[in-house]
Structures are given as structure tokens and as C-alpha cells.
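Please treat every number below as a calculation from the coordinates, not as lab data. Keep in mind the model is a prediction, meaning the values are calculated, not measured. Note that we place each Cβ from the backbone using ideal geometry, even for glycine, and neighbour counts take in every protein chain shown.
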Amino acid sequence: MQNIKSKVFNKNEKSLKKEEIEEKLKINENISFGENIGFHEISNNEGNINIHQIHNNIGINEISYVPYSNEVDYATFSRVLSDSKVVATYKMYWLLGLLDEVSIGNVEISFRKLISRMITYAWYPILAYKLSFGLCDNLVKVVNYIADTYNLGSNYDEKKLLEFIYNNEDKTLNKMMKDLTYNVPYRFLSPFFQDKLKGETTKVEKIIEELSKESKTCVYSIYRNEDNESYIRINNGWGNYLKYNYKIIQGWAYYKLVCFLQKRNPNTPGIAMKLEAPKSRNLTAQTAIWKEIIQRKHIVDIYTDKEFIDDNYKLYGVLSLDHFIPWSFVLHDQMWNLVPTFKNINSKKSDNLLDYDTYIDKFCNIQYEAFEFVVNEKKKNQIEEYREMLKIADPKEFLDKESKEVFFKMIKKEVYPVYNIAVNQGFGVVNELF
């Protein structure tokens, strides 16, 4: 997986504007816009189809996300992730896996390899961020089964994970992976055969498989090998289209994934940043500030009530900054959510929450010490973090005029709802660490 962050959610600069589509789509008006409302041979000798009809059929918003091509049916392709056809994350992850396989030159790709990639993509969002994928999505069950059965953590290496899943002979896992192949490889192609599928309610997958073998315009055809194992073969033109437009199409898939997951996790911050593991994090500046606070104010660890002295560092590990509400939920390193502790204690806490009633006053007290320090020392970045969090206009004036009790009340007002949302999303709560 490549790092996508928020940049992939900008619309493709190469995507066609309405005028460009009108200029480039010269299609015979005497033939329908496809048996599947799709792409047909362009005729320069015939009249043009009504562009408004095209837009009504495929949706101008959808077509604007994918790159133009005069070699493949990009118009119908733009509808494979239409909201009306997406009830789970499967299609987005299937497309991401397909892009990865094509990018390394593969033309024939087994269902199993693509399903393995889907599970690998879903691994971190499910285990680290505990995102809800909805009731219809069984990727969560597969990910949790692998993690629990083989004791693999959320940060397990992606390449090793893909290899582990693909080569695993676990019968239960293989059955779960097989179940994931019953719909998505076929339904992904359904926009290409829309007219031919009208009225069909049974054996739709079998029909799509046969139609894919006859089609020259859909993304891939579906076959079975001598062992009756299903695989796809990328059709002419599509390999180059997917490979050369990899980043654009990947961005489209992630955009659709974010939209889908946001609806199912409405109170969860930073969905776009929770689709893959972070590449690196640096707490050097925050650690330096907390070291100064410890030296000047002689604060103690809120989890153990131990002083930050050499003897305790030897017993419990070096100084380490903990996110009071797990980083994997808030996705930031702002001062108001950081507390100093010992490395061993921090490791023990992991991604859990501490009992709110037991620790909240200790947390507020140490945060007040930090707030007072950064304001008096004019630490601009950290002052701004507190200002935004507390919703105050002038931190210096607030510190001079308001009591510590008012600060406690305002901190609790902001932290409590975030804490509860994290609990409801599945983050564990432990009573004590020491």
C-alpha cells in the first residue's frame, strides 16, 4: 500500500469537465449507449448521442472521478463504485487489490490473491482504529479471526501479512475467504451488463461470468482453472489504463471508502487518516516540553503516583509520553491529550483507556500544570492547541483570571464525550496499571 493521506481525496485534475466530455464523446445516436448503458465504438460518420442522456445515465459526478480514455469504457467503469451499488467495503477493497496486482504486471489474477489483498487493506482500520464496516460486511470477521487465532497485531508487516493469508491452509479461514468471493468479483462488473441483467434474480453471478467471457469492453473476464479455482484475466486496454492511472483511481477508491465509512462511523474523527498505518510519528518537541515541566514543577506520573527520578526510570523505564485518549482514536499529538509516564507503564496501557472517574482529576491537574507552563513560556504552538480545545480567546487572560476549578470543568467538558465515543467504538477500559 502506498501512503495516500488526505491528498487523494482531491478530484482528479485530469478528469474531464463537462465541456471536454461533450467535445470527446462522439457516439452514434442510432445505437443505444450500450446494452449496459456503456461504451460502444465511436463513429465519426454518424450523429452524436444527447450528452444530457449520457450524464443522466452515468452521472456527471461519478464520471468526473475517473480519467478519460478512448481505449476503454471509462464511462461505465465510473459506475462500479456508485453509491446505489455499494452496501459494503468489498468493491473498494477489490479495486485497490486489483490496482496493486496490475501495477506489478499481472494479467491473470486468482480470486484468492485479490481476497488476500482485501483483507490486508482492511487489517489496520479494523484492528487499530476499530472502525465499523456495517452489518453486511464480513471482512471484520475474517480480520478478527486471523488476529485472534494467530496472535497477530494491528502493526504486523503488510507484505508478511499478505503472504501469510495467501498461503494459509487453515480450513476455517479458507472457508471465510471463499465466502467473500461469491459476490464482489461478479457484482463489480454488473454496470457493464446492466441491460442484460434486468429482471434476473437468480444465478446472476453465473450470468456475469459468462457475459464477461464474451465482452470486449469490461475490465476483466472470469475463468476457472483445471482445479476449478476462479481467476480473472485483465482485458485489452484495461491493464495500461489501470497501471498508468494508478494514483488517480486509487484516490477515487479511497474517497468512496471514506464516504462509506463516515456514514457508519459518524462520531469518529479523521476517517480519511485511518485507512492505513501511519508511516512515522515524532514527539520530540512535546517530550522536550514535558521534560522542562517535570524539572520545574516536580509533577508525578498520574498512573503510578511515582516521581520522575532516576531510581524510578530504572524500575519502570525511561520517560514516555502517553495519549490519555488513544492516539489511534484521536489521531493527533496535541499537548492537551499527552501525559508523561514511564515506558513500561505506557506499553502496558497500550491502546486502552483508563477508568474515567479514577484518573480524570489527576489528568486535569497535570494538564493545568502544562497549560500554565506553555502560556508563561510563550510556547506558541502548544498555546494554540489549548486555545482551540478550551475554546477561549486569550489563554493568558484566562490563566490570570480563572481558577483551576474552571479549567478542570472545561477540560472535562471536552474530554468526556470523546472518551465515551472511544468506549462505544470498542476501545478497552482498564481500572489501573500499577
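Data overview
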| quantity | calculated |
| --- | --- |
| Anchor LYS362: aspartates and glutamates whose Cα lies under 15 Å away (excluding residues fewer than 8 positions away in-chain) | ASP301, ASP305, GLU307, ASP322, GLU405, GLU432 |
| Mean Cβ count within 10 Å, highest first, over the residues of peptides 115-122, 268-275, 216-223, 420-427 | 115-122, 216-223, 268-275, 420-427 |
| Set LYS196/LYS256; LYS343/LYS413; LYS85/LYS198 screened for pairs whose C-alpha atoms are more than 23 Å apart | LYS196/LYS256; LYS343/LYS413 |
| The chain, relative contact order [Cα under 8 Å, separation at least 6], % | 16 |
| Distance (nanometres) between label positions extended 7 Å along Cα→Cβ at THR358 and VAL107 | 6.2 |
| Amide proton proximity set for SER132, modelled H, under 5 Å, gap of 5+ | none |
| Percentage of interatomic Cα-Cα distances in the chain larger than 27 Å | 61 |
| GLU226/GLU169 FRET efficiency (R0 22 Å; Cβ-Cβ; nearest 0.05) | 0.65 |
| Separation between Cα centres of the range 167-205 and the range 300-376, rounded to whole Å | 48 |
| Per-pair calculated FRET efficiency, R0 = 35 Å: CYS259 and ALA288 via Cβ, rounded to 0.05 | 0.35 |
| Cα-projected label distance for GLU214 with GLU307, points at 7 Å along beta-carbon direction, nm | 8.5 |
| Theoretical ellipticity at 222 nm over the chain - DSSP helices of four or more residues, -39500 (n - 2.57) apiece, nearest 500 | -15000 deg cm²/dmol |
| With Cα atoms, 0 to 90° folded angle of helix 111-127 axis to the chain main axis | 20 |
| Pair LYS297, ASN365: separation of 7 Å Cα→Cβ label points (nm) | 1.2 |
| For the range 60-183, alpha-carbon Rg and Dmax in angstrom | 15.7, 49 |
